[in-house]
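Please read the structure below before turning to the comments.
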Amino acid sequence: MCMRRDFLLFLAVATAAAMPAMAQTPSAAGLAGSEAHRAAPIPDFSRVWNHPAFPWFEPPVSGPGPITNLSRWPEQRPQTEGGSAALPASKVGVSNYDQLVGDYKSPILQPWAAAVVKKFGEISLAGITFPNPSNQCWPFGMPFIYKQALMLMIQQPDKITMLYSGGYEARRVRLNQPHPSPATPSWYGDSVGRYEGDTLVIDTVGVKTDRPYAMIDLFGTPFTDKLHIVERYRLRDYDDVKDALDRNKKENWLFNGDVFSQHRGKFLQLHVTIEDEGVFTTPWTATLTYVPGPDHIPEGVCAENRREYYNNKDSDVPKAEKPDF
């Protein structure tokens, strides 16, 4: 369960640590790109960004995309006091956060992975919440970490730090360096980055598989040690992202309402490519389009306890007729 209190993350700290706009230093490893890329000013991403949408991926315009939910809600509605849209299940509409039934017939899934997704969906349809990193208070890892709506990016000359809401999970990206060979598996993998003009490119391998609740998304989609994630972050205007915002609104539950459509400043758009030849039949892509967030991230502490904060009651757990001590 999550209990929250405000904890200020002053942007002055991020700004002081941020990489100023300046010409890039060419990489000895050859990762900085072309001469044009090396001469371009570095974009300023340093602030809190917000993407309040469940599950989270915005499907691509065309081509292979992420696993989607077979269970839908008939309309968009912000969350109620119970932490749900409180709508009946449907076959059309937006993703139903109360029933996480992944499309196990998706052509991107190998048969064994499809069987895993189908099993999780059957559990959800039976009215049982299956465990995932979020509801079990485990580190989210990559790319499940995208579930966290708020992300603070801090840019420095030799690295990028990304802090996520919830348990303040942190990703650290080394700039202009190669992956070690072999990469030591870790929760967030080994991430190396480079600037290509106005784009920050992050390449991640070595995500830890030997862990409980190892899944890519809320549908239980598995991954193997062959998982490879390429992220491309860009600052974009409304006209550049409005198609992605439309796909987001049609696919994902906007639990805080539509905070995207009325914004006319800069958006941070992530274009992600995910491949895993142990799970998927093909690489697939998606976007996540962030709006500027607040000037702080609320602290989130996940603790195992019986209290259902979203129902204001304790869970009905098995009880002994008499104490055993």
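Do we have residue 205 as in contact with a His (Cβ under 7 Å, 6 or more places away or on another chain), of a type in the set (Val, Ile, Thr) and either within 18 Å of residue 272 (Cβ to Cβ) or open to solvent by less than 50 Å² (accessible area, probe 1.4 Å) (or both) here? Taking the combined requirement at face value, the residue satisfies it. Across region 224-266, which residue is nearest to the chain's Cα centre (by Cα) among those that are among the hydroxyl-bearing types (Ser, Thr, Tyr) and open to solvent by less than 50 Å² (accessible area, probe 1.4 Å)? The selected residue is 233. Residues considered: 163, 152. Of these, the only one that is open to solvent by 20 Å² or more (accessible area, probe 1.4 Å) and over 22 Å from residue 63 (Cα atoms) is 163. Within region 78-90, none of the residues are outside any helix (DSSP H, G or I), open to solvent by less than 40 Å² (accessible area, probe 1.4 Å), in contact (Cβ under 8 Å) with a residue 12 or more places away in the chain and among the charged types (D, E, K, R).
The residues of region 47-75 that are open to solvent by 30 Å² or more (accessible area, probe 1.4 Å) and assigned to a strand (DSSP E or B) amount to a single one, 47. Of the residues contained in region 73-91, one or more are found to be under 30 Å from residue 208 (Cβ atoms) and either at pLDDT below 95 or aromatic (Phe, Trp, Tyr) (or both). Of all the residues in region 267-283, those that are out of contact with any strand residue (DSSP E or B) (no Cβ under 6 Å at 6 or more places or on another chain) and either surrounded by 21 or more Cβ atoms within 10 Å (Cβ to Cβ) or closer than 22 Å to residue 80 by Cβ (or both) number 3. Taking residue 121 as the residue in question, decide whether it is surrounded by 15 or more Cβ atoms within 10 Å (Cβ to Cβ) and among the small types (Gly, Ala, Ser). Yes. Would you check if there is a residue in region 289-310 being among the hydroxyl-bearing types (Ser, Thr, Tyr) and surrounded by 15 or more Cβ atoms within 10 Å (Cβ to Cβ)? The answer is yes; a qualifying residue exists. What is the number of the single condition among (1) within 27 Å of residue 235 (Cβ to Cβ); (2) assigned to a helix (DSSP H, G or I) that residue 153 does not meet? In the conditions (1) within 27 Å of residue 235 (Cβ to Cβ); (2) assigned to a helix (DSSP H, G or I), residue 153 misses (2) alone. Cβ-Cβ distances below 6 Å connect the following pairs, each with a first residue in region 126-138 that is buried (at least 17 other Cβ atoms within 10 Å of the Cβ), a second residue that is aliphatic (A, V, I, L, M), and a separation of six or more residues or different chains: 130/123.
The values are calculated or read from the model by the stated rules, or taken from the named source; none is laboratory data. Quick caveat, the model's predicted, so the values are computed rather than measured. Glycine also receives a Cβ, built like all others from the backbone with ideal geometry; neighbour counts cover every protein chain displayed. What goes into the accessible areas is simple: the full protein's heavy atoms, side chains included, and nothing from ligands, DNA or RNA. Shrake-Rupley method; radii C 1.70, N 1.55, O 1.52, S 1.80 Å.
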